[in-house]
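The structure appears below as structure tokens.
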Amino acid sequence: MTKILIIYTGGTIGMVNDAKTGTLIPFDFEQIKENVPELARLDYQLSVHSFDPILDSSNMDPEIWKALAELIKQEYEHFDGFVILHGSDTMSFTAAALSFMLQNLAKPVVLTGSQLPIGEIRTDAKENLITALEIAATKKNGRAMVPEVCVYFDYQLFRGNRSIKYNSEKFEAFASPNYPILAEAGVNLTFYPNYILPIPEKPFEIHTTFNSNIGVLKMYPGITENAVKAITESDVDAIVLEAFGSGNTTTAPWFIACLQKAVANDKVIIDISQCKGGAVQLGLYETSRELQQMGIVSGYDLTFEAAVTKLMYLLGQGLNTTEIKQLLEVAIAGELTV
């Protein structure tokens, strides 16, 4: 019988209305079959691991990612797939982080959640949970159909490190602007193998050391020198530069000087676009040519979530600046298109 481990970290999906107070409270996911009786119709052996205490996803951090990776490593040989129940706000960050941490992954790790609590009449929680379990259990020729970290939400399966949360009010909360979906659930559960990572040949391993000492510099018209220096002259090891369009910034001499000084001080700077769709093309316009020449790295079509977590991951691997820059510009978990 197919064995799936459900990992409950917290989030709206695990909430029910308290009869006394009317407020949302978490229910015990050890009683999951009582709350979702439809699970009894699935021919899987389900086990549940609940975090204690459970977490609002706004409190996610690299230590929790490490705990998730270590749990999956510990249970890797005992289960065919893993479903992580997670708050939607930072789900894409966790999915991206795990995609880098879980190297040579040959089994599905599906993150899902919901916009409404599982006890609500109109909830999306049950469908998201049941289909996520089906995806985690699906095999072809005895091997996992989706051997990667992914996000399932509202009938669509996304590569985890390509996903973003773009809407806080619709059931259709997630999108993948720069990469096709991996599967969709309609009358049938349809997979798109051409877009799914292949089964790796090397043995599964995890890397759990992260360095989160990074800054974010978001461009806007009228940005001041003091605002830029607050980031470029701070004690961070790397900077995510959220630029305009295809990677463009102001060419004001003081701004270029700030970036040059940061690069000279061995800070890694990666240029990503504020646009949700499309990619950075350093040097395409004059406004980004100097960035390319001074050694700023192109983030191509990385999402903000993937750029942040990939930086944290690479900074934690004990690599030198040159090695980090080289790896930022290549896909190590399907996270970007060069």
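Using the C-alpha gyration tensor of region 40-163, what are the square roots of 5 times its eigenvalues, in whole angstrom, with the largest one first?
One finds semi-axes of 20, 19, 14 Å for region 40-163.
With contacts defined as alpha carbon pairs under 8 Å and 6 or more residues apart, what's the relative contact order of region 2-206 in percent?
Relative contact order, region 2-206: 22 percent.
Ranked by Cβ crowding within 10 angstrom, fewest neighbours first, how are R143, R122 ordered?
Ranked by crowding around the Cβ, least crowded first: R122, R143.
Give me M312, M1, M145, M101 sorted ascending by neighbouring Cβ count inside 10 Å, so fewest comes first.
So the residues, fewest neighbours to most, are M1, M145, M312, M101.
Relative to the longest principal axis of the chain, what angle (0 to 90°, nearest 10) does the C-alpha long axis of helix 91-101 take?
The helix 91-101 is inclined about 80 degrees to the chain.
Can you sort I13, I199, I72 so the residue with the fewest Cβ neighbours within 10 Å comes first?
Exposure proxy ranking, most exposed first: I199, I72, I13.
Pull up the cross-link candidates among the lysines for K267, meaning alpha carbon to alpha carbon under 26 Å and not fewer than 8 places away within one chain.
List returned: K66, K218, K229, K276, K310, K325.
Return the long-range amide H neighbours of H49 (sequence gap of 5 or more, or a different chain), with a cut-off of under 5 Å between placed amide H atoms.
I6, I7, Y8
Which lysines have a Cα lying under 20 Å from the Cα of K140, excluding residues fewer than 8 positions away in the same chain?
K3, K107, K202
Step through the residues of region 166-175 one at a time and calculate ³J(HN,Hα) from phi using the Karplus curve (6.51 cos²θ - 1.76 cosθ + 1.60, θ = phi - 60°), rounding each to whole Hz and writing x for Gly and Pro.
10, 8, 9, 10, 8, 5, 7, 8, 10, 8
Under the Karplus relation 6.51 cos²θ - 1.76 cosθ + 1.60, θ = phi - 60°, what is the ordered set of whole-Hz ³J(HN,Hα) values for region 239-245, x standing for Gly and Pro?
Residue by residue, region 239-245 yields 9, 8, 9, 8, 9, 7, x Hz.
Roughly how far apart, in whole Å, are the Cα centres of region 174-200 and region 29-100?
20
Distance between Cα centroids, region 117-134 to region 224-292: provide it in whole Å.
About 42 Å separates the Cα centre of region 117-134 from the one of region 224-292.
Each value in this text was obtained by applying a stated rule to the coordinates, not by laboratory testing. Remember, predicted model here, so these are calculated numbers, not experimental data. Using ideal geometry, Cβ is built from the backbone for each residue, glycine included, and neighbour counts are taken over all protein chains shown.
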